[in-house]
Amino acid sequence: MNNIGWCDDTHNLITGCLNHTDGICNGGGFPCYAYKLANTRLRERYLANTHTAASQIIDNIPINMMQKQIKAELDPFYPRFWSGRLYKKFPAGSKVFLNDMGEWLGGWIPESWTLEVLLYIQNHPETIFQTLTKQPQNLQKYEYPDNCWVGVTATNYDMFVDACGHLGALGHKGHIKSSFISIEPLLSWDSTDNGGFIQSWLQHGGIDWIIIGAQTKPYKPPKIEWVQEIVEAADKAGIPVFLKDNLKPFIVKVKDNSEYAPLWANSGYGTLRQEFPK
């Protein structure tokens, strides 16, 4: 399993994002690791791909569009499509995360790209594809194959409620089979309801899975009571929880050379719960 933890592999058909300011995510206010990778180790590879969002408009390009094209040629994190990756197959039953290096539902993404991604998912029903977006308001534009786990990223309570609302609307219309929320990095949690509203929102949204993690590089762990409140609400709602390994430093303790965690975070072996939907 890779360092993401909750998937077997990653496969980015779309890379890059415009929802940031110098690498700080506008959808959460944290340093974007994908931006850093695109501007360091992956820089030359990304710049070699000229299939950018700016290149999609060909006729009657206004001056500001020309400026965007020039920026795209210099910015490795400008949205790019990787058509050669449409031919890759994975072992049956694999869980493959499609969005660890970019945003696939931003308003700046050509609709044709999103449709290509959905067609790719549909054409490989033997594989589970996990998607994430910080633009949940755009989810209702599409319908999703049954092997597509539709996920939304949240970093605080308000984003969590917003995610539940959008995913719930999709579920009520029958547009999705499986949905989840990734609360990573968990940066703040201003709920004062002792879990009651959290449980209600989880059930209202028809959420099938919750992922919780910390900010890394620089490491910024959430408060342990935030994690506990979410986990206990998910338990009451009957929703599996995946606690990422980056939570271990402040939750898991060592005693007599054995790891142990509080019961609410315990996987049954003394470490963190890392559950998956059935």
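Checking each residue in the range 185-212 for being in contact with an Asp or Glu (Cβ under 8 Å, 6 or more places away or on another chain), small (Gly, Ala, Ser) and touching a residue at least 40 places away in the same chain (Cβ under 8 Å) picks out only Gly195. Here is the figure for the range 155-191: residues that are among the aromatic types (Phe, Trp, Tyr) and more than 13 Å from the chain's Cα centre (by Cα) total 2.
Scanning for something within 26 Å of Asp8 (Cα to Cα), touching an Asp or Glu at 6+ places or on another chain (Cβ under 6 Å), modelled with pLDDT under 95 and surrounded by 14 or more Cβ atoms within 10 Å (Cβ to Cβ), does the range 223-242 turn up at least one residue? Within the range 223-242, none of the residues are within 26 Å of Asp8 (Cα to Cα), touching an Asp or Glu at 6+ places or on another chain (Cβ under 6 Å), modelled with pLDDT under 95 and surrounded by 14 or more Cβ atoms within 10 Å (Cβ to Cβ). Filtered by the rule that a residue be β-branched (Val, Ile, Thr) and surrounded by 22 or more Cβ atoms within 10 Å (Cβ to Cβ), the range 83-120 gives Ile109, Val117. Of all residues in the range 192-230, those satisfying the criterion of being over 19 Å from Lys248 (Cβ atoms) and within 18 Å of the chain's Cα centre (by Cα) are Leu202, Gly205, Gly206, Ile207, Asp208, Trp209.
Note on the range 92-131: residues that are in contact (Cβ under 8 Å) with a residue 12 or more places away in the chain and in a loop (DSSP other than H, G, I, E, B) amount to 19. Scanning the range 264-278 for residues being over 26 Å from Ser178 (Cβ atoms) and either of a type in the set (Phe, Trp, Tyr) or at pLDDT 95 or above (or both) gives a total of 1. Being at pLDDT below 95 and either of a type in the set (A, V, I, L, M) or surrounded by fewer than 19 Cβ atoms within 10 Å (Cβ to Cβ) (or both): is that true of Gly174 here? Here the answer is yes, as Gly174 does meet what is asked.
For first residues located in the range 70-91 and acidic (Asp, Glu), partners that are assigned to a loop (DSSP other than H, G, I, E, B) and lie 6+ apart or on another chain with Cβ distances below 8 Å form the pairs Glu73/Thr50. Number of residues in the range 196-222 that are of a type in the set (Lys, Arg) and either at pLDDT below 90 or touching a Cys at 6+ places or on another chain (Cβ under 7 Å) (or both): the value is 1.
If you go through the range 94-101 one residue at a time, do you hit one that is over 14 Å from the mean Cα position of the chain (by Cα) and modelled with pLDDT under 95? There is no residue in the range 94-101 that is over 14 Å from the mean Cα position of the chain (by Cα) and modelled with pLDDT under 95.
The helices (runs of 4 or more DSSP H) found entirely in the range 132-245 that carry 2 or more residues being among the charged types (D, E, K, R) are 157-172, 224-237. Does Gln215 count as touching a residue at least 40 places away in the same chain (Cβ under 8 Å) and either more than 26 Å from Lys36 (Cβ to Cβ) or not β-branched (Val, Ile, Thr) (or both)? So Gln215 fits the description; yes.
Name the residue that is farthest from Leu187 (Cα to Cα), counting only residues in the range 246-278 that are assigned to a loop (DSSP other than H, G, I, E, B) and of a type in the set (Lys, Arg).
Selected residue: Lys278.
Filtered by the rule that a residue be touching a residue at least 24 places away in the same chain (Cβ under 8 Å), charged (D, E, K, R) and either in contact with a His (Cβ under 9 Å, 6 or more places away or on another chain) or exposed (fewer than 15 other Cβ atoms within 10 Å of the Cβ) (or both), the range 1-35 gives no residues.
The values are calculated or read from the model by the stated rules, or taken from the named source; none is laboratory data. Note that the coordinates shown come from a computational prediction; the quantities given were computed from them, not determined experimentally. Cβ coordinates were reconstructed from backbone atoms using ideal geometry, including for glycine residues, and neighbour counts include every protein chain displayed.
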